[in-house]
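Single-structure report; data block below.
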Amino acid sequence: MAKEFETLRYSVEDGIAEIRLDRPDSLNAMSPKMAEELNSISLEIDADRSVRVIIVTGEGKAFCAGGDLGVFKAAGEGARKLILKMTGDLHLAISRIARNSAPVIAAVNGTAAGAGFSLVMAADLAIASEKAFFTMAYTSAGLSPDGSSTYFMPRKIGDRRARELMMTNRVLSSQEALSWGVVNQVVSPEDFDKSVRDMAAKIAAGSASAFGKVKDLLDSSFDYNLEGQMEREARAIAEQVVSQDGQEGMSAFLEKRKPDFS
């Protein structure tokens with residue numbers, strides 16, 4: 001199943017949803033229209049119970065080169081209103097997708113700057129091509145970060161590194177991004193598509209409800225003390241143990257067979 005959009009391509013096949021940023025002539029820069037369409041896609045994903053994993057990637061040479069500064073500048077006195085509408089759409093999209101039980105894979109095919117870097121940090125997992133590089137870039141244009149980066153980046157790579165990236169606009173190579181914990185894997189351009197699909201297929205065969213619990217527990221872990229977090233863990237696993245997926249998973253383990261999750 002595929003739906004038509006102006007700045008994106010969206011499809012779902014075998015439980016794998018793919019969002020492909022599709023403004024290659026502008027290095028997939030984030031425009032108000034793209035943010036609006038991402039918000040629409042987040043609603044599609046939320047309503048589609050067949051989706052078990054989500055891939056976000058870019059068309060052409062870049063993943064996403066950040067916000068479309070030409071559009072922002074051209075808005076003149078209307079820029080504030082434009083940015084509030086655009087970030088509203090973008091942030092709703094990121095929130096819905098991040099809160100979805102389906103794991104999100106950022107498939108970073110090239111440059112990930114500004115909002116593109118933010119999208120990578122919002123994903124659960126990330127695979128980068130050797131050609132990819134990463135930079136926050138916001139402050140070099142006199143701007144501050146958006147797209148959830150000030151939430152996810154300190155949690156995933158630490159406060160010191162987040163501050164360095166946001167204040168110095170240091171450029172990370174794909175290998176540096178791997179060593180910093182920005183991405184999980186770096187692969188050759190020739191192996192990139194297959195590596196992304198292999199990871200997505202493996203996740204799609206897993207338990208959607210269990211993955212949803214993992215995401216929820218990890219995303220909230222900084223908000224609770226030890227006892228509070230352990231209580232949430234206890235309640236989550238208690239729900240899973242009596243769920244259809246939990247019963248199937250335990251039976252498959254004991255019977256030494258591959259589970260068939262719903």
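Laboratory data are not the source of any read-out in this text; all were calculated from the coordinates shown. Just so it is clear, the structure is predicted and the values come from calculations on it, not from any experiment. Quick reminder, even Gly has a Cβ in these numbers, built from the backbone with ideal geometry, and neighbours come from all protein chains shown.
Of all DSSP beta bridges located in the range 2-204, what percent are antiparallel, nearest 5?
On the way: 11 of 33 bridges.
Here the antiparallel bridges make up roughly 35 percent for the range 2-204.
Annotation: lysines with alpha-carbon distance below 19 angstrom to Lys73 (same-chain offsets under eight excluded): Lys33, Lys81, Lys85. Between Asp216 and Gln244, the modelled label-to-label distance comes to 1.7 nm, taking each label 7 Å out from Cα in the direction of the beta carbon. Toward the positive end of the charge dipole of the range 1-62, with +1 on the Cβ of Lys and Arg and -1 on the Cβ of Asp and Glu, the farthest Cα among Tyr10, Leu27, Ser40 is that of Leu27.
Look at the dipole of the chain built from charges on Cβ: of Leu217, Ser207, Leu69, the Cα furthest out on the positive end belongs to Leu69. Counting every other Cβ atom within 10 Å of each residue's Cβ, Val186, Val108 order from fewest to most as Val186, Val108. Can you figure out the FRET efficiency of Ser179 with Arg155, using R₀ = 22 Å and their beta-carbon distance, to the nearest 0.05? Working from the Cβ atoms, E equals 0.75.
DSSP loop GluC sites (Glu not before Pro) in the range 125-199 with at most 15 other Cβ atoms within 10 Å of their Cβ, which ones?
Glu130
Rounded to the nearest 20 debye, what is the charge dipole size of the chain about its Cα centre when +1 sits on each Lys and Arg Cβ and -1 on each Asp and Glu Cβ?
Details: 31 positive and 37 negative charges, 103 e Å.
Dipole about the Cα centre, nearest 20: 500 debye.
When a/c reaches 1.5 or more, the comparison of a/b and b/c decides; with that in mind, is the range 84-200 rounded, prolate or oblate per its Cα gyration tensor? Oblate, because a/c is 1.5 or more while a/b does not exceed b/c.
Compactness ratio of the chain: Cα Rg over 2.2 N^0.38 Å, N = residue count? Don't skip to the answer; put the middle values down first.
Numbers: Rg = 18.9 Å, N = 262, 2.2 N^0.38 = 18.3 Å.
Normalised Cα radius of gyration, the chain: 1.03.
Can you find, among Met230, His91, Gly78, the residue sitting farthest towards the positive end of the charge dipole of the chain, where Lys and Arg contribute +1 and Asp and Glu -1 at Cβ? Highest projection toward the positive end goes to Gly78.
Pull out a ≥ b ≥ c, the square roots of the eigenvalues of the alpha-carbon gyration tensor of the range 7-155, then state rounded if a/c is under 1.5, prolate if not and a/b is larger than b/c, and oblate in the remaining case.
Details: a/c = 1.61, a/b = 1.36, b/c = 1.19.
Since a/c reaches 1.5 and a/b is larger than b/c, the shape of the range 7-155 is classed as prolate.
Restrict the search to the range 1-83; then list the trypsin sites (Lys or Arg not before Pro) that DSSP places in a loop and that have at most 16 other Cβ atoms within 10 Å of their Cβ.
Details: sites: Lys3, Arg9, Arg20, Lys33, Arg49, Arg52, Lys61, Lys73, Arg80, Lys81; in loops: Arg49, Arg52, Lys61.
Counting only loop positions with at most 16 other Cβ atoms within 10 Å, the trypsin sites (Lys or Arg not before Pro) in the range 1-83 are Arg49, Lys61.
Report, in whole Å, the centroid distance computed from the Cα atoms of the range 42-72 and the range 112-155. If we compute the Cα centre of each part, the gap is 13 Å. Compute the Cα gyration tensor for the range 111-262, then decide on rounded, prolate or oblate, letting a ≥ b ≥ c be the square roots of its eigenvalues: rounded whenever a/c is under 1.5, prolate when a/b is larger than b/c in the other cases, and oblate in all that remain. Oblate is the answer for the range 111-262, as a/c is 1.5 or above yet b/c matches or exceeds a/b. A cut-off under 12 angstrom between Cβ atoms defines the neighbours of Gln240, and their net charge, with Lys, Arg +1 and Asp, Glu -1, is -3. Highest GNM mean-square fluctuation among Leu43, Leu226, Leu119, for the chain modelled with Cα contacts below 10 Å: Leu226.
Taking trypsin sites (Lys or Arg not before Pro) across the range 162-262, the ones in a DSSP loop with at most 12 further Cβ atoms lying within 10 angstrom of their Cβ are Lys256, Arg257.
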